[in-house]
Every structure is written in C-alpha cells, then in structure tokens.
1. If a paramagnetic tag sat 7 Å from the Cα of Asp176 along the Cα-Cβ line, which residues of the stretch 199-215 would have the backbone N under 19 Å from that point?
2. Give the order of Ile53, Ile8 when sorted by the count of other beta carbons within 10 angstrom, beginning with the fewest.
3. Lys and Arg at +1, Asp and Glu at -1: add these up for the other residues within a Cβ distance under 10 Å of Pro27 and post the number.
4. Pull up the DSSP beta bridges for the chain and report the antiparallel fraction as a percent, rounded to 5.
5. If you find the alpha carbon centre of the stretch 161-207 and of the stretch 57-76, how far apart are they in angstrom?
6. Roughly how compact is the stretch 174-252, stated as its Cα Rg over 2.2 N^0.38 Å to two decimals?
7. Normalised by the residues of the chain, what does the relative contact order come to in percent, with Cα pairs under 8 Å and at least six apart?
8. Considering only the stretch 174-252, what is the antiparallel percent among its DSSP beta bridges, to the nearest 5?
Amino acid sequence: MEDLARKIREKARERGATILAHNYQRPEVQDVADFVGDSLELSIKAMEADAEIIVFAGVDFMVEQAAILNPEKKILTPEPSSICPMAWQLDPPIVEEYRRKYPGAPLVVYVNSFAEVKSMADYVVTSSSASKLVSKLDEEKILFGPDRNLASFVAETTGKEVVAVPLNSYCPVHIDITMEKIVMAKKRAPDAKVLVHPECPPETRRIADFIGSTSQIIRAAGEMDAERFIIGTENGVIHRISKLYPKKKAYPVSDDAICPNMKKITLEKVYRSLISNEFAVRVDEKIAEKARTVLERSFNLLGVEVPWRKK
Ligand code: SF4
C-alpha cells in the first residue's frame, strides 16, 4: 500500500494534479491526498490549487460541485458509481412540485444536491451555514431539501416553519445513528462527549453535547476540554481526528456508520484516474452558470466573500 501511495504522489507531481479527499474517505485515501475536508471546502481548494487536473475522492454531487466552480479545470472522479443516495432523492420535478404547492416560499437546497437542482434554488447552504442563512430570510415558511433531519434541525434552531423537500428524504448513514446506539456507546465511554451531525434524527441530536458539520465536529474535538469523544457521523472522521489530535480518543457510535459509496474509492482507483485521465466530470455551462449565481447570492447573504471573486 505504501508503494502505491508513493507511486500516486509521484504521478500527481509529474502530471501537476491535486488530489482532494472527503473526510469520509478510507484512511489511506485521506493520507495520499493534498487536502482533506468537507465538500464545499474541497471545491474551494480545487479553485485555489495551482493545478489543471483535480482528482476528487468523493461522491457524485461533490465532484459535480467542484466542476461547477472550476469550469476551466479537468475534474476527475476515481469511481463514477460512488453516488450519494440522499442527493438523488431531490430531482427537478420534485422541485417544481413543491414550488407549485408553496408559492412564495424560498427554496434553500443543501450542498448535497445536483447542479440542476442548485440552479433552480434560491439559496444553497452547507450543514454549517443552513441555520444562519435561513435566519436571515424575511419569510417564515421555507422549503428545504434534501434531508428531512437537517430541515428539522434548521426549524429547531431558527423557529421558522421548514418544509422538507421531499418530505421523507434522508441520509441512510446518519438516519441509522440512533439515540439507542448513542446510549450504548455512552455505556462504553461514560465520560466521552457526544458530537453528532445534524443529518442525525432529532432524538439523537437531543442527547448530543455538540451538533455540527463534519468539519465543525473535527474542530470541536480539538477545542473541547475533553479527552474522549463519541462521533455521530460517518466513521471516516475518526481517522482525521486521530491524526490531528493524537492525544485525544474518538470512538464510533457503531462500527456500521459507514457510507459504502465513499468507501468505493481505493488507492488503485485514484492511481488509475491519474494515469488514464478518467473519469472526467463536466456540467452543462448554462446550468453551472445558474448554480454559481445561486451560490454567489448565498455567500452574499451570509456575508462571506465569494471565493471566485477573491482578489
Ligand atoms: S454519508 Fe450520507 S450524505 Fe454523505 S455521501 Fe454518504 S449517503 Fe450521502
């Protein structure tokens, strides 16, 4: 494995390629990457990278998001069948249906959605920015999708009426991080702080010490005055916490909190991408342009500098 990792680094250097890996990737894929982070962070890293080729170890909507923000770069996915089942739960006909049903309600979509859906939305958010952006909107009724759990988290934290689009959308990994599993994990490590993702069910969130995105969970583990943590998100995050904070101990809620699609990407597939230029992901430029406009509007409302307007 070390030999293959070395060959990947050499080939990336030779080709002037940057390798990006999501926090949920296999440990060895995280270790070979130039940057590890969440989906939006990685899209921005792709923009900042002085590279024409980006190999993105993440699921379909993330690679597509990087392609939206980097139309002039070659964005490669090592495994095109690495999909996010949650993103697939919100498609354009569903958007149109909810727009008809709730005229006047702004549509806020989660970054875990496809370019066409983003292009039809009013705003795009991450799990860390969702509540902040929704609280800034004048309207009291908001359409939010996909993910009914994140929608309910936004409703709880903003006091607004948030309609999940579609009503039953969810992440199959986070929905299974149940309150019962947290209670069991707490029995094994009673002093550990519980850090969970807002895609977890409301009962799980209620007994957590901290709720945040993957990057916020990782930061919290470093900053909190505690030595042990139970991590209520995909288990790939544990590798990252262990590397960043070797003195702290992070435990999974259960061994099956694994996103099988994320784990489809292996070192062999990253290497294959680098030598074969496969598999390139492109987004129709008209759709990408509309999606960028929605993203720009969202950054502006959040008071965040738009990454592609930075001097
Ligand atoms: S963990 Fe859930 S939201 Fe994340 S990529 Fe996997 S299925 Fe999608």
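Read-outs throughout are calculated quantities, based only on the coordinates presented, and are distinct from any laboratory measurement. Quick caveat, the model's predicted, so the values are computed rather than measured. Note: ideal-geometry Cβ built from the backbone for every residue, glycine included; neighbour counts use all protein chains shown.
1. Flagged as within label range: 199-205.
2. Ile53, Ile8
3. My count for the surroundings of Pro27 gives +1.
4. About 5 percent, rounded to the nearest 5.
5. 29 Å
6. Compactness ratio reported: 0.96.
7. So the answer I get is 22 percent.
8. Percent antiparallel among DSSP bridges in the stretch 174-252 is about 0.
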